[in-house]
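Just below is one structure, and these are the notes that go with it.
The values are calculated or read from the model by the stated rules, or taken from the named source; none is laboratory data. Being a predicted model, the structure only gives us computed values, none of them experimental. Reconstructed Cβ throughout: ideal geometry from the backbone, glycine too, with neighbour counts over all protein chains shown.
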Amino acid sequence: MGAVIGVDLGGTKVAAASLAEGRLGDPVVRATDLSSTEALLDQLVSLIGEVRAPGLEGVVAGVPSIVEFDTGRVVSSVNVPLADVPLRHVLSDRLGVPVFVDNDATVAALAEAYDEQLRPVARNLVMLTIGTGVGGGIVLGGRIYRGSTGAAGELGHTIVGLDAEASLPLGHDFPQPGSLESMAAGHALDRRAAELAEAEPDSAVGRLRSQGKPVTGVELVEAARQGDASAARLVESWAERVGVGVANAINTFDPDEVVIGGGAARAGELLLAPAIRAARAYVVPGLGARTKIRLARFGARAGVLGAAMLAAHELDVPVHHPTNLEVHSS
């Protein structure tokens, strides 16, 4: 049986794993090398080499970018230095196997439309991936929906908050003010943590800062989990913004499921409960009655699994036996 490799590239971390004979291998994860385009390409080739085994049929790289799927060219990229890179061609030449390139949230959405045995369970699904940025992936009728340019699903750039009385801010760089990404991405939560540490030095994150320790969204969520009231209030407010983004997805697509993934999903119920509450409040009455809102079942592995599955689909590679497939959430 052939093997395929899925690569999940993010602005902070990059992971690769092999899917073959019913098993998704343990992903190899590295901090993303953002120093230059060439350095990042070298890192991708090296990482694929670490998980490569005999019989490799092909590779899919999921990247946080707008991608022209047919050619594999990265049209634009905000968080990684790949803009205008013919990534499919470059990696195919260097690896000697077929390579496909797609948006990272798109391939994660494909994985989440299946269960742990890779049986299709949601024909219409929208996924929000919340990490360095906010991405989106769409599966309609059981198939990835890419739109006319291949870029459909940039849900992080939907507007969830804008002062209607102020003049409309034109010409801003992305993410635009008031966009879901500007208000709910990992950097936004990091900013909330830093502001709380400065404003309330006696808070949990304030004490961490006074000790010279990191103060990011991770620490803010942990403080909320430990019962710090100020941290809990900020995490809840952040999660509600995510919920408005979920409502936008439901109002637009009326899907079977909306899935929240990416690193932020590690916040668990601290994210999910307020997001569901806000989403239900902003959904048009009558819409979304059948929509389930949940966290990603495959956790951090959704990206690499979805990329590997897309490789198998594109190459018609039978990579699993339904009776013994092993895919574990993490």
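Report yes if Ala194 is buried (at least 24 other Cβ atoms within 10 Å of the Cβ) and either without any contact (Cβ under 8 Å) to a residue 24 or more places away in the chain or of a type in the set (A, V, I, L, M) (or both), otherwise no.
So Ala194 fails the test.
A quick yes/no check of all residues on (1) outside the structural domain of Met183 (by TED's automatic domain parsing); (2) farther than 27 Å from Gly286 by Cβ; (3) not basic (Lys, Arg):
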{"residue": "Val215", "(1), (2), (3)": "no, yes, yes"}
{"residue": "Val218", "(1), (2), (3)": "no, yes, yes"}
{"residue": "Arg225", "(1), (2), (3)": "no, yes, no"}
{"residue": "Ala231", "(1), (2), (3)": "no, yes, yes"}
{"residue": "Leu234", "(1), (2), (3)": "no, yes, yes"}
{"residue": "Ala239", "(1), (2), (3)": "no, no, yes"}
{"residue": "Val244", "(1), (2), (3)": "no, no, yes"}
{"residue": "Asn248", "(1), (2), (3)": "no, no, yes"}
{"residue": "Asn251", "(1), (2), (3)": "no, no, yes"}
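Which condition number in (1) within 27 Å of Ser18 (Cβ to Cβ); (2) modelled with pLDDT of 95 or more is the one that Ala302 fails?
(2)
Take the residues in the stretch 216-239 that are touching a residue at least 24 places away in the same chain (Cβ under 8 Å) and assigned to a loop (DSSP other than H, G, I, E, B), then tell me which one is nearest to the chain's Cα centre (by Cα).
Among those residues, the one meeting the criterion is Thr216.
Out of the residues in the stretch 143-170 that are more than 19 Å from the chain's Cα centre (by Cα) and under 27 Å from Ala239 (Cβ atoms), which is modelled with the highest pLDDT?
Gly161
I need the full set of residues from the stretch 240-265 which are in contact with a strand residue (DSSP E or B) (Cβ under 8 Å, 6 or more places away or on another chain) and either among the basic types (Lys, Arg) or not in a helix (DSSP H, G or I) (or both), in order please.
Pro255, Asp256, Glu257, Val258, Val259, Ile260, Gly261, Gly262, listed by residue number.
Which count do you get for residues in the stretch 93-111 that are out of contact with any helix residue (DSSP H, G or I) (no Cβ under 6 Å at 6 or more places or on another chain) and either part of a helix (DSSP H, G or I) or without any contact (Cβ under 8 Å) to a residue 24 or more places away in the chain (or both)?
Going through the stretch 93-111 one residue at a time, the tally reaches 6.
So which residues in the stretch 53-100 are closer than 18 Å to Gly306 by Cα, aliphatic (A, V, I, L, M) and touching a Phe, Trp or Tyr at 6+ places or on another chain (Cβ under 7 Å), if there are any at all?
Val60, the sole residue that qualifies.
Going through the stretch 69-91 one residue at a time, which ones are surrounded by fewer than 18 Cβ atoms within 10 Å (Cβ to Cβ) and not in a loop (DSSP other than H, G, I, E, B)?
Passing the criteria: Val75, Ser76, His89.
Take Leu140 and tell me if it is buried (at least 20 other Cβ atoms within 10 Å of the Cβ) and at pLDDT 90 or above.
no
Being under 19 Å from the mean Cα position of the chain (by Cα), among the hydrophobic types (A, V, I, L, M, F, W, C) and surrounded by fewer than 24 Cβ atoms within 10 Å (Cβ to Cβ) is the filter here; which residues of the stretch 53-68 pass it?
Selection gives Ile66 alone.
Is at least one residue of the stretch 113-129 closer than 16 Å to Val7 by Cβ and in a strand (DSSP E or B)?
Yes, there is a match, as at least one residue in the stretch 113-129 is closer than 16 Å to Val7 by Cβ and in a strand (DSSP E or B).
Looking at Asp8, Asp42, can you tell me which residue is of a type outside the set (S, T, N, Q) and surrounded by fewer than 18 Cβ atoms within 10 Å (Cβ to Cβ)?
Asp42
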